[in-house]
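Written out below as structure tokens is the structure these notes cover.
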Amino acid sequence: MAIRNIREIGDPILNKVCKEVTEITPRTKFLIDDMIETMYAADGVGLAAPQVGVLKRIVVIDTTGEDLLILINPEIVETDGEQEGYEGCLSVPGKTGIVKRPNHVKVKALNEKMEPIEVEGEELLARALCHELEHLDGHLYVERVEGELLDNSALKDEEE
């Protein structure tokens, strides 16, 4: 496993639509392992393949540090409610902004064995699912920010 470089805003790969995964190859397994290691090393709660320069429909998410999700070809099939809160991204370092998202999300996907799964999430997990899946279609959360992007330091000052 290896920690990969995280692509940052302005990198054209972040604005491209990813391709579906049709089979799990040894290379795909390495990618998933590297994505997991990279996400944890960067203290993130989610990471999409294009963020490490690979145009495949794969995301990894862990909002608690104990519930790792590996989602291949994920698709949102249901949303409900609404939440508004600060959101950041490993590809937009040092910045945060207020984004509205559904409060409940249901996603269908394949797991790392290419078996169909469904994942439901509320609050932070719902936010993370929406955020990461948007990466697969070439979108960043900054497109949804209400108002201005803030420096993370400004947010910390606000919390104190």
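The values are calculated or read from the model by the stated rules, or taken from the named source; none is laboratory data. Just so it is clear, the model here is predicted, and its values are computed rather than measured. In this analysis, Cβ positions are derived from the backbone assuming ideal geometry, glycine residues included, and neighbour counts consider all displayed protein chains.
Restricting attention to segment 131-150, which residues are exposed (fewer than 12 other Cβ atoms within 10 Å of the Cβ) and either touching a helix residue (DSSP H, G or I) at 6+ places or on another chain (Cβ under 9 Å) or modelled with pLDDT of 95 or more (or both)?
GLU143
Taking segment 36-68 as the region of interest, how many residues are aliphatic (A, V, I, L, M) and within 11 Å of the chain's Cα centre (by Cα)?
Residues of segment 36-68 that are aliphatic (A, V, I, L, M), as a first pass: 36, 39, 41-42, 45, 47-49, 52, 54-55, 58-61, 68.
Filter again for within 11 Å of the chain's Cα centre (by Cα), leaving 39, 45, 47-49, 58-61.
The number of residues fulfilling the criteria is 9.
Filter segment 107-135 down to residues that are over 21 Å from VAL17 (Cα atoms) and either touching a Lys or Arg at 6+ places or on another chain (Cβ under 6 Å) or in a strand (DSSP E or B) (or both), then give me how many there are.
7
Can you pull out every residue in segment 136-151 that is in a helix (DSSP H, G or I) and closer than 21 Å to THR63 by Cβ?
TYR141, VAL142
Counting just the residues of segment 17-34 that are part of a helix (DSSP H, G or I) and either β-branched (Val, Ile, Thr) or modelled with pLDDT under 95 (or both), which one comes out nearest to LEU140 (Cα to Cα)? Break it down into steps so the answer makes sense when it comes.
So in segment 17-34, the residues part of a helix (DSSP H, G or I) come out as 26-34.
Restricting the remaining residues to those that are either β-branched (Val, Ile, Thr) or modelled with pLDDT under 95 (or both) gives 28, 32.
On the way: THR28: 24, ILE32: 21 Å.
Filtering segment 17-34 for residues that are part of a helix (DSSP H, G or I) and either β-branched (Val, Ile, Thr) or modelled with pLDDT under 95 (or both), the one nearest to LEU140 (Cα to Cα) comes out as ILE32.
Specify the residue that is farthest from ILE58 (Cα to Cα); the eligible residues are those in segment 95-130 that are among the hydrophobic types (A, V, I, L, M, F, W, C) and surrounded by fewer than 20 Cβ atoms within 10 Å (Cβ to Cβ).
ILE98
Are any residues in segment 35-88 in a loop (DSSP other than H, G, I, E, B), surrounded by 13 or more Cβ atoms within 10 Å (Cβ to Cβ) and either without any contact (Cβ under 8 Å) to a residue 40 or more places away in the chain or polar (S, T, N, Q) (or both), and if so, which ones?
Passing the criteria: VAL54, ASP62, THR63, LEU68.
Give me a count of the residues in segment 9-33 that are farther than 16 Å from GLU132 by Cβ and surrounded by 13 or more Cβ atoms within 10 Å (Cβ to Cβ).
Counting residues in segment 9-33 that are farther than 16 Å from GLU132 by Cβ and surrounded by 13 or more Cβ atoms within 10 Å (Cβ to Cβ) gives 5.
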